[in-house]
Amino acid sequence: PHHFKYVADCLVREAGVRPLLHSRVVEVIMDDGEDCERGKGEEEETDGDDEDDGRFRTIRGVILETPSGREAILAKRIVDTTGDAIVAYLAGAPFRKTHKSEMMGVTTVFGMEGVDKSRFEEHVRQNQATYKDWNTESWEALTTGKEDGIASPYWGKIFEEAAKDGIIDANGYGAITNNMDQTSIDGKQETNTKTNPNHSKDFEQNPPTPQTPQSQSTPNAEVDICGSWSAISPSGVATNLNLVHMKHIDPTDSDDVTRAEMTGRHHVYSAMNALRAKVPGFENATLNSVSAHLGVRDSRYIDSYGNHRLSGWHVTNE
């Protein structure tokens with residue numbers, strides 16, 4: 001991803017585009033000069049056909065919060081490429097959103113370094129997972145049957161074994177509840193690094209358990225530690241470890257996103273402990289990176305009149 005960022009920077013400059021990083025859309029400018037009506041989008045059980053004033057409002061620009069302050073940008077065309085359709089939402093466009101109890105989960109992705117690549121590759125050759133292995137309580141792989149034997153980078157059983165062996169504690173495998181231990185955010189429970197020379201090592205083995213604030217209407221987040229690995233570099237860096245998944249998270253709810261991001265980082269350490277104990281080649285591996293943002297699969301869907309909505313049918317039949 002780091003190389004891609006550089007290449008993307010070069011392409012943007014070559015195209016003469018003026019980039020504006022670290023800026024967030026907070027409002028839209030409509031052609032009638034009035035604040036557009038909010039709340040036209042609803043959750044999945046509604047059809048989104050709310051009453052309006054019969055006028056077609058045209059978006060003329062966006063208002064941004066930037067490091068320089070608030071700025072307005074006008075444009076002939078505005079393309080909403082935000083994952084949560086925030087511009088369309090602010091403009092009052094009709095949308096649908098799956099109820100959070102049915103939403104696809106979010107993911108905290110991480111990387112590790114110090115992997116013995118040759119030992120790991122030998123382990124994979126002797127214990128090759130397949131697409132059929134994805135059919136578990138947490139996952140469902142839809143295949144025609146002929147794909148079941150195809151090699152897959154799936155990891156599941158090792159985390160089940162780690163849970164049984166107590167390597168992943170009760171708060172590291174299963175439901176996350178409201179009665180978790182107080183965090184060290186306020187500094188009152190921080191480890192005294194001056195009197196504990198092994199602080200860094202101890203922290204990786206036994207990270208503090210984060211408190212997960214929830215709104216009263218928010219159900220507990222279910223955490224599944226399983227998933228896939230991506231690649232091991234020649235220097236022993238395991239990238240894109242897609243292993244910490246959380247359900248019942250609404251990516252458009254600030255409380256949910258905060259809770260999931262902090263919870264996900266905590267369970268990265270549970271996953272690392274399991275990998276060190278159960279996967280040959282990972283015995284001495286350490287944390288290399290954690291994703292800056294949650295991996296989101298399900299958010300707002302714009303209801304565009306006259307256009308079709310992409311569904312599972314299109315994926316499996318087109």
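The values are calculated or read from the model by the stated rules, or taken from the named source; none is laboratory data. Just so it is clear, the model here is predicted, and its values are computed rather than measured. As a convention, Cβ positions derive from the backbone with ideal geometry for all residues, glycine included, and neighbour counts pool all protein chains shown. These area figures cover heavy atoms from the full protein model, side chains too; ligands, DNA and RNA do not enter into them. Shrake-Rupley method; radii C 1.70, N 1.55, O 1.52, S 1.80 Å.
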Original post:
outside any loop (DSSP other than H, G, I, E, B), in contact (Cβ under 8 Å) with a residue 40 or more places away in the chain and either under 24 Å from Q128 (Cβ atoms) or basic (K, R) (or both): does that describe L287?
Top reply: no
**OP:** Return the residue satisfying two criteria in turn: it lies in region 101-121 and is in a loop (DSSP other than H, G, I, E, B) and open to solvent by 30 Å² or more (accessible area, probe 1.4 Å), and of such residues it is farthest from V296 (Cα to Cα).
**Re:** D116
**OP:** Please specify each residue of region 1-44 satisfying the condition of being modelled with pLDDT of 80 or more and in a strand (DSSP E or B).
**Re:** R24, V25, V26, E27, V28, I29, M30
Subject >> Restricting region 122-135 to residues that are touching a strand residue (DSSP E or B) at 6+ places or on another chain (Cβ under 7 Å) and over 25 Å from S299 (Cβ atoms), the residue that is least open to solvent (accessible area, probe 1.4 Å) >> reply: A129
Subject >> region 112-131 residues that are closer than 20 Å to T286 by Cα, paired with ones that are in a loop (DSSP other than H, G, I, E, B) and polar (S, T, N, Q) (beta carbon under 6 Å, 6 or more apart) >> reply: G114/N284
**OP:** Looking only at region 74-89, decide whether some residue is part of a strand (DSSP E or B) and more than 21 Å from G295 (Cβ to Cβ).
**Re:** yes
**OP:** Please determine, by comparing only the residues of region 253-269 that are more than 12 Å from the chain's Cα centre (by Cα) and open to solvent by 10 Å² or more (accessible area, probe 1.4 Å), which one is nearest to H99 (Cα to Cα).
**Re:** D253
Subject >> Odd one out for A85, checked against (1) of a type in the set (G, A, S); (2) out of contact with any Lys or Arg (no Cβ under 9 Å at 6 or more places or on another chain); (3) at pLDDT 90 or above >> reply: (2)
Original post:
Taking region 293-318 as the search range and keeping residues that are modelled with pLDDT of 90 or more and not basic (K, R), which one is surrounded by the fewest Cβ atoms within 10 Å (Cβ to Cβ)?
Top reply: H293
